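Shown next, in structure tokens, is the structure this report addresses.
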Protein chains: 2
Amino acid sequence: MSMGGEQGRKVMSAFNVGLVQMRCVANPTQNLAKAIEGIRELAKDGANVVGLQELFLTEYFCQQEDPGLFELAESIPGPTSDALGAVARELGVVVVTSVFERRAAGVYYNTGVVIDADGSIAGTYQKMHIPHTPLYREKYFFAPGESSRCAFQTRFGKIAVLVCWDQWFPEAARMAALQGAELIIYPTAIGFREGERMRMGDAKAEAWQTVQRGHAIANGCYIAAVNRVGHEGSPNGGITFWGRSFIADPFGRVLAQAGEAQERISAAVDPGDVERQRQFLPFLRDRRIDLYAPLAQRLC
Amino acid sequence: MSMGGEQGRKVMSAFNVGLVQMRCVANPTQNLAKAIEGIRELAKDGANVVGLQELFLTEYFCQQEDPGLFELAESIPGPTSDALGAVARELGVVVVTSVFERRAAGVYYNTGVVIDADGSIAGTYQKMHIPHTPLYREKYFFAPGESSRCAFQTRFGKIAVLVCWDQWFPEAARMAALQGAELIIYPTAIGFREGERMRMGDAKAEAWQTVQRGHAIANGCYIAAVNRVGHEGSPNGGITFWGRSFIADPFGRVLAQAGEAQERISAAVDPGDVERQRQFLPFLRDRRIDLYAPLAQRLC
């Protein structure tokens with residue numbers, strides 16, 4: 001296998017990606033145990049790569065701005081990455097998720113972590129697009145990441161991790177693809193606020209899937225989004241997380257689709273298909289990199 | 001109405017956009033007459049803006065590389081823009097299409113044209129992403145455009161024209177939105193090659209729509225794609241253009257959908273919805289313009 005530049009390497013074999021869509025409770029120990037159980041079950045069924053939802057260790061705490069919540073943050077490497085690393089090594093699977101990272105006093109991130117099948121950390125990525133909308137008060141908690149480097153070589157393929165709000169940004173998916181990602185995994189926490197579904201039906205959830213299928217098509221790669229389920233927060237408010245985790249191929253076709261309850265899904269990812277799709281629809285050849293400077297502006 | 005920067009202007013009223021999906025024949029005069037008839041019919045039904053398909057004046061000549069075909073090119077302003085300008089002025093409608101432009105001996109473009117409701121040319125845009133795949137030999141005919149400027153103020157709203165292959169590139173739609181486009185119109189010529197549908201079903205046509213719905217979502221704007229229909233080229237080869245013109249709203253919901261035969265469709269475009277959607281999902285606020293330099297690279 002030539003090592004003359006990662007992008008020129010030999011195409012790797014197909015592998016299976018599985019996603020653990022779960023409900024979270026207040027107790028992190030229980031969430032970690034449930035996630036590890038999900039990894040074990042998926043590995044038993046043949047998964048080589050497992051994606052866990054965003055901030056799976058806790059409830060989605062960003063609904064309120066409370067400085068006491070920073071206590072939930074931890075270092076990377078740290079307890080959660082160590083625990084997942086041990087399971088990854090034991091089962092020989094890659095694990096991808098997001099962790100509330102404490103890098104220093106006052107500097108916290110929402111960090112995507114890719115753990116390789118030997119238990120080592122293949123890479124981390126600090127979420128770069130930070131939302132701040134009612135009940136998603138993330139700008140209070142997370143410093144925006146300083147780098148778009150999100151794709152990491154693993155035993156089974158080059159995998160990018162992008163986190164939740166990133167999934168609405170074509171720029172993020174494109175940079176992942178340009179880094180060589182064959183599969184982009186999006187750990188996610190998204191749902192309906194009180195009354196939102198009544199007002200606009202499934203429009204938001206459907207747009208959420210469509211825009212990500214669009215990224216798969218535009219980049220000729222696989223996409224896997226893994227979201228939590230259940231209601232969290234005030235009974236008369238809060239968020240009902242909509243689940244609907246899915247895996248899509250380079251044509252944007254949905255290969256596996258979860259509902260709105262706890263569920264595990266999986267599908268095959270073939271890096272050969274990524275290459276064939278990009279030959280069939282050669283977008284990366286035709287990008288006008290000489291004209292894209294305005295993309296780095298707020299408005300043109 | 002404040003003129004202090006176009007992006008700060010007052011939100012305009014809703015308007016109707018209509019699309020003429022038609023079959024083309026060898027004789028340009030007949031195609032022009034049919035297109036003008038379509039404009040008249042749509043205007044009669046209340047359309048304020050009408051989109052015509054890519055290179056509607058002729059058959060899709062890019063199936064073969066023949067220097068004689070450059071004879072089809074014309075200047076802008078020129079006969080076609082003059083004829084459309086006269087109809088636009090008479091009916092008080094905006095007309096958007098693509099013309100095979102001769103700018104100089106040896107310099108030809110596939111040019112999007114936006115004709116304002118007073119018959120003047122609001123702007124032209126030279127297609128920037130040029131395909132070259134079997135039967136779509138456009139790199140032979142068209143110089144790639146030198147500018148991403150594609151959105152132009154018209155009587156009814158700020159409208160961008162992007163052309164066919166552009167529709168697969170998130171960068172193009174993003175730049176249109178950053179220029180203030182509330183509606184992006186894609187004149188198009190796309191279809192199935194011999195056997196393609198048998199091999200991959202509707203995957204390509206569905207991906208074509210999904211990726212454009214994704215642009216509408218990512219940018220919080222309206223999208224209208226207008227494609228030709230019918231078989232052109234060798235009876236045992238050639239292209240069967242799939243029609244399926246459509247209009248989508250900022251949630252990516254399909255408001256109007258054509259089939260695979262000659263048809264006119266229309267829908268309402270509300271610039272107020274563009275603003276409300278971008279407040280609801282504030283992606284343009286959160287773009288990481290400090291991290292997007294890699295988008296201007298071939299690979300990262």
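The values are calculated or read from the model by the stated rules, or taken from the named source; none is laboratory data. In this text the structure is predicted, and so the values were computed from the model without any measurement. Note that each Cβ is placed from the backbone with ideal geometry, even for glycine, and that neighbours are counted across all protein chains shown. Side chains included, ligands, DNA and RNA excluded: accessible areas come from the protein's heavy atoms. Shrake-Rupley method; radii C 1.70, N 1.55, O 1.52, S 1.80 Å.
The table below lists the values:
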| quantity | calculated |
| --- | --- |
| Heavy-atom accessible surface that B and A bury in contact, both chains counted, 1.4 Å, Å² to 100 | 5400 |
| Residue of B:GLN279, B:GLN212, B:GLN63 that the Gaussian network model of chain B assigns the largest fluctuation, springs spanning Cα pairs under 10 Å | B:GLN279 |
| Nearest-20 debye value, the protein assembly as shown charge dipole, Cβ charges on Lys, Arg, Asp, Glu | 280 |
| Shielding score for B:127-133, defined as the mean number of other chain Cβ atoms within 10 Å | 4 |
| Estimated distance in nm for a label pair at B:SER75 and B:ASN236, the labels positioned 7 Å out from Cα along Cα-to-Cβ | 4.5 |
| Selection of GluC sites (Glu not before Pro), region B:37-89, meeting DSSP coil and at most 13 other Cβ within 10 Å | B:GLU65 |
| Sequence of A:LYS139, A:LYS127 from largest to smallest accessible area, 1.4 Å probe | A:LYS139, A:LYS127 |
| Rounded accessible area per residue of region A:140-218, 1.4 Å, Å² | 23 |
| Calculated label separations, A:ASP290, copies of the chain, 7 Å along the beta-carbon direction, nm | 3.1 |
| Carbon + sulfur, % of accessible area of region B:14-296 - ligands and nucleic acids excluded, 1.4 Å | 50 |
| Listed residues A:ILE115, A:ILE184, A:ILE265, most fluctuating in chain A (Gaussian network, C-alpha, under 10 Å) | A:ILE265 |
| Per-pair calculated FRET efficiency, R0 = 35 Å: B:TYR140 and B:ARG199 via Cβ, rounded to 0.05 | 0.85 |
| Most mobile listed residue (B:ALA83, B:ALA267, B:ALA224) in chain B, GNM with C-alpha springs under 10 Å | B:ALA83 |
| Cleavage-rule hits (GluC sites (Glu not before Pro)) in region A:162-258: DSSP loop, at most 15 neighbouring Cβ within 10 angstrom | none |
| The protein assembly as shown: C-alpha gyration tensor shape, a/c 1.5 cut-off, then a/b vs b/c | prolate |
| Antiparallel %, DSSP beta bridges [both residues in region B:14-296], to 5 | 70 |
| Average other protein chain Cβ within 10 Å of Cβ, residues B:197-208 | 3 |
| Global form of region A:109-203, assessed from the alpha-carbon gyration tensor, a/c cut-off 1.5 | prolate |
| Length released on extending from A:GLU90 to A:GLN257, taking residue separation times 0.36 nm less the Cα-Cα span | 57.3 nm |
| Listed pairs A:LYS139/A:LYS204; A:LYS127/B:LYS139; A:LYS158/B:LYS204 exceeding 28 Å between Cα atoms | A:LYS127/B:LYS139 |
| Label distances, nm, A:GLN279 versus same residue in remaining copies, Cβ-directed 7 Å point | 5.1 |
| Helix-derived mean residue ellipticity, 222 nm - over the protein assembly as shown, DSSP H n ≥ 4, -39500 (n - 2.57), to 500 | -7500 deg cm²/dmol |
| For a label point 7 Å along the Cα-to-beta-carbon line of B:GLU65, residues of region B:126-163 with backbone N under 17 Å | B:130-144 |
| Reach of B:LYS34 by Cα under 21 Å, taken over lysines that are not fewer than 8 positions away in the same chain | B:LYS44 |
| Cβ-vector label at 7 Å, B:GLY237, separations to other copies in nm | 6.6 |
| Within-9-Å neighbourhood charge of B:CYS62 [Cβ basis; K, R +1; D, E -1] | -1 |
